[in-house]
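Readers should treat all values here as calculations from the given coordinates under stated rules, not as data from a laboratory. Since we're looking at a predicted model, the values are computed, not measured. Because the Cβ atoms are built from the backbone with ideal geometry, glycine has one as well, and the counts that use them run over all protein chains shown.
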């Protein structure tokens with residue numbers, strides 16, 4: 001690990017030296033590199049905040065369940081509704097919007113936070129399961145707006161280092177996923193879940209304003225250098241993408257791993273707080289453990305997939321990932337449980353970036369944002385029944401059965417990937433982004 005970091009620092013120093021030598025000869029290059037770093041930094045930091053909001057739901061699940069007297073199946077249904085809004089319902093429209101209106105990307109990104117603030121505020125007011133369904137669906141709008149726009153931007157700006165750029169963006173998610181559960185769990189010791197949700201409205205609106213003001217000039221200037229695609233050419237590129245056997249196989253992998261992840265996000269909090277009798281703060285601690293390793297593993301896996309190929313990273317990772325889910329079902333509380341959850345965190349979100357980079361490698365430039373939506377429709381829609389099915393398993397066989405289910409479907413995903421050929425892209429050896 002230290003060798004890896006040392007090599008990256010050397011690459012950064014070398015790039016800065018080369019940049020300083022060429023600034024006088026070609027100031028446009030230096031300006032473009034600065035813009036690239038600014039965009040990458042802004043979107044990665046924004047991703048930290050996006051995942052703060054996304055972590056509100058899983059950490060609050062036990063409190064909401066007990067507060068409203070919901071069953072396991074009802075909780076599983078709400079998680080599926082949330083994913084449906086973030087995926088099948090809005091994935092294609094949000095991706096199309098981001099690709100066809102790149103000059104307005106800053107507005108799209110800001111709107112994601114407006115949606116998060118309003119949806120959580122409304123969720124705090126619901127009296128029962130019936131009214132919770134539309135409010136939980138609204139929670140998915142912010143996720144649907146942010147990810148196609150931000151990841152499409154990075155994929156186009158860093159085509160030779162796509163895996164690395166998406167991974168750095170993913171580090172923001174890991175940081176948010178690590179900090180938020182601990183902070184939210186701590187706040188729940190003294191604040192009700194309704195009060196906590198209401199509080200998030202004002203910060204969300206302020207963040208939206210900052211993003212809109214800060215990023216509008218960047219996207220407006222960038223869009224002047226690009227040609228807006230026609231709908232016919234856009235549709236032809238979409239059809240070509242969906243005819244690729246690599247894309248279809250990766251969608252299958254995403255469906256299966258998405259089923260495992262959704263199941264875990266729904267029932268691991270219940271297992272920790274209800275079955276093992278940890279406090280809300282204890283739940284936040286364990287939930288943070290699940291995400292903290294992603295801050296390290298995501299850039300490493302992204303870089304390695306750029307250098308050695310996507311499949312070389314994905315296949316062994318999927319096998320280990322599936323085995324760790326199975327281990328979660330038998331881990332004893334304490335050191336064993338902590339070890340397994342930390343190890344799971346290496347893959348929990350890092351694999352998403354590598355599979356997405358694999359699909360973006362196949363896609364043309366003008367549908368980069370839409371790849372999130374196009375593949376997300378299938379991935380999210382087909383994985384939606386998983387929490388509901390897991391809810392029935394939990395009712396009949398205990399919470400541990402949900403982790404066994406997650407492990408089995410993840411190992412099936414590894415088998416699917418094993419059976420296909422994923423070609424290496426003809427790109428130069430990637431450099432670390434500076």
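Taking 7 Å along the Cα-to-C-beta vector as the label spot, tell me the residue 307-residue 205 distance in nanometres, rounded to one decimal.
It is 4.8 nm.
Under a 10 Å cutoff between Cα atoms, tell me which one of 36, 140, 294 has the largest fluctuation in the Gaussian network model of the chain.
Looking only at 36, 140, 294, the largest GNM fluctuation is found for 36.
Got a sec? How would 307, 125, 65 order by Cβ neighbour count within 10 Å, fewest to most?
125, 307, 65
According to a simple spin-label model (label point 7 Å from Cα along Cα-to-Cβ), what is the distance in nm between residue 186 and residue 279?
1.2 nm
So how far, in whole Å, is the C-alpha centre of region 170-191 from the one of region 245-268?
24 Å
Name the shape class, rounded, prolate or oblate, that the alpha-carbon gyration tensor gives for region 315-424, where a ≥ b ≥ c are the square roots of its eigenvalues, rounded holds for a/c under 1.5, and otherwise prolate holds if a/b is larger than b/c and oblate otherwise.
Prolate shape, in that a/c is at least 1.5 and a/b is the bigger ratio.
Can you tell me the 0 to 90 degree angle between the C-alpha axis of helix 294-308 and the longest principal axis of the chain, rounded to 10?
Long axis of 294-308 versus the principal axis of the chain: about 40 degrees.
In µm²/s, what is D for region 131-215 at 10 °C and 1.306 mPa s, where D = kT/(6 pi eta Rh) by Stokes-Einstein and Rh is the Kirkwood radius from Cα pairs?
Result for D is 103 µm²/s.
Between helix 368-383 and the chain, what is the angle of the helix's C-alpha long axis to the longest principal axis, kept within 0 to 90° and rounded to the nearest 10?
Compared with the principal axis, the helix lies near 20 degrees.
Sorting 268, 196 on the 10 Å Cβ count, fewest up front, what's the list?
Arranged by neighbour count, lowest to highest, 268, 196 become 196, 268.
On the Cα set of the chain, report Rg and Dmax in Å, please.
Rg then Dmax for the chain, in Å: 21.1, 71.
Measuring from label point to label point, each 7 Å out along Cα→Cβ, what is the residue 38 to residue 233 span in nm?
Between residue 38 and residue 233, the label points sit 2.8 nm apart.
Students often check this: by mean Cβ neighbours within 10 Å, which of 52-58, 237-243 ranks highest, and how do the rest follow?
The packing order, highest mean first, is 52-58, 237-243.
Could you calculate the contour length gain from residue 68 to residue 160, that is, 0.36 nm times the residue separation minus the distance between their Cα atoms, to one decimal place in nm?
So the chain would gain 28.1 nm between residue 68 and residue 160.
Taking neighbour Cβ counts within 10 Å as the exposure measure, how do 293, 419, 360 sort from fewest upward?
419, 293, 360
For the chain, what is the relative contact order in percent, using Cα pairs closer than 8 Å and at least 6 residues apart in sequence?
Rounded, it is 28 percent for the chain.
Just to confirm the number: angle between the C-alpha axis of helix 201-223 and the first principal axis of the chain, 0 to 90 degrees, nearest 10?
20 degrees
Using only DSSP helix segments of four residues or longer, with each worth -39500 (n - 2.57), what per-residue ellipticity at 222 nm results for the chain after dividing by its residue count and rounding to 500?
When only DSSP H runs of four or more count, the value is -27500 deg cm²/dmol.
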